[in-house]
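So the structure is just underneath, and the comments pick up after that.
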Amino acid sequence: MQIHNLRDWQTHLKTLRAWKAEGKIRYIGITTSHGKSHRKLEKILRNESLDFVQFSYNIEDRDVEKRLLPLAADRGVAVLINRPFQHGELFSKVKGKALPNWAAEFDCASWGQFFLKFIVSHPAVTCVIPATSKIHHLQDNMAAGFGRLPNTVMRKRMADYFASL
Ligand SMILES: NC(=O)c1ccc[n+]([C@@H]2O[C@H](COP(=O)([O-])OP(=O)(O)OC[C@H]3O[C@@H](n4cnc5c(N)ncnc54)[C@H](OP(=O)(O)O)[C@@H]3O)[C@@H](O)[C@H]2O)c1
């Protein structure tokens, strides 16, 4: 159960904790997106006991690598990632551009998988939640959950390559 966008989070957290104690729900988390409220979320993550947090992260918007991702890992809190394609904008940037040959080294066959594997290979990330209205995109995205993942060196290569496009 997630508290959406930190809205009235103190009130909701109290309710959700009671529900968890009663066995009605198993995991409690708080969400934000678009890089909003990072300082506030950081404070909550430091001071409250949560099962998971949700925020935005993708190959273009990497701000959370500095503080939120390492903090979640330190606190043992699971991380859900929203906006993995920057609301679809990443696909416009790679339109007409071929996937580099070395993407095969981590079993990646499309730009969608390239973007998703970049995210799930971060050691602090638990799960990514891409949005789509199309079955063939859903199938493409699910394929990112299979095969090898890029290591740290490869992740840097991916980010540098994307930035150079
Ligand atoms: N505060 C919050 O809690 C919060 C805020 C924002 C988002 N979210 C959640 O985060 C998730 C992600 O949402 P998002 O809409 O922000 O953005 P997103 O996943 O970054 O991007 C979605 C866009 O990517 C396109 N797309 C998806 N798969 C594709 C593929 N394989 N190939 C080409 N295009 C592809 C989709 O178009 P098609 O429809 O054409 O596939 C859509 O336009 C959602 O579950 C949303 O509810 C939560």
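Just a few scattered comments:
- Cut-off 17 Å, label 7 Å out along Cα→Cβ of MET1, residues of segment 14-41 by amide N: 14-31
- Cβ-derived FRET efficiency at R0 45 Å, ALA98 paired with GLN10, nearest 0.05: 0.35
- Theoretical FRET efficiency, 1/(1+(r/R0)^6), r = Cβ-Cβ of GLU105 and LYS134, R0 25 Å, to 0.05: 0.35
- Comparing GLY112, GLY29, GLY147 in a Gaussian network model of the chain where C-alpha atoms under 10 Å apart are linked, the largest mean-square fluctuation is found at GLY147.
- For the chain, a crude dipole built from +1 on the beta carbon of Lys and Arg and -1 on the beta carbon of Asp and Glu, taken about the Cα centre, is about 340 debye to the nearest 20.
- 22 Å Cα-Cα reach of LYS40 towards lysines, excluding residues that sit fewer than 8 places from it in its own chain: LYS14, LYS66
- Full extension of the chain segment joining HIS38 with GLU22 gains 2.7 nm, where the gain is 0.36 nm per residue of separation less the Cα-Cα distance.
- Whole-Å distance, taken between Cα centres, linking segment 1-63 and segment 94-164: 26
- Short-range pairs are left out: with C-alpha atoms under 8 Å and at least six residues apart, the relative contact order of segment 55-147 is 34 percent.
- Where only DSSP H runs of four or more residues are counted, the chain gives -12000 deg cm²/dmol as its mean residue ellipticity at 222 nm, each run worth -39500 (n - 2.57).
- The label point for PHE91 and the one for ALA73, both projected 7 Å from the Cα toward the Cβ, are 3.1 nm apart.
- Nearest-0.05 FRET efficiency for ARG46 and PHE146, computed from C-beta distance (R0 41 Å): 0.70
Here, each number is a calculation from the coordinates, and none is a lab measurement. Just so we're clear, the structure is a prediction, and the values are computed from it rather than from any experiment. FYI the Cβ positions are ideal-geometry reconstructions off the backbone, even for glycines, and counts take in every protein chain you see.
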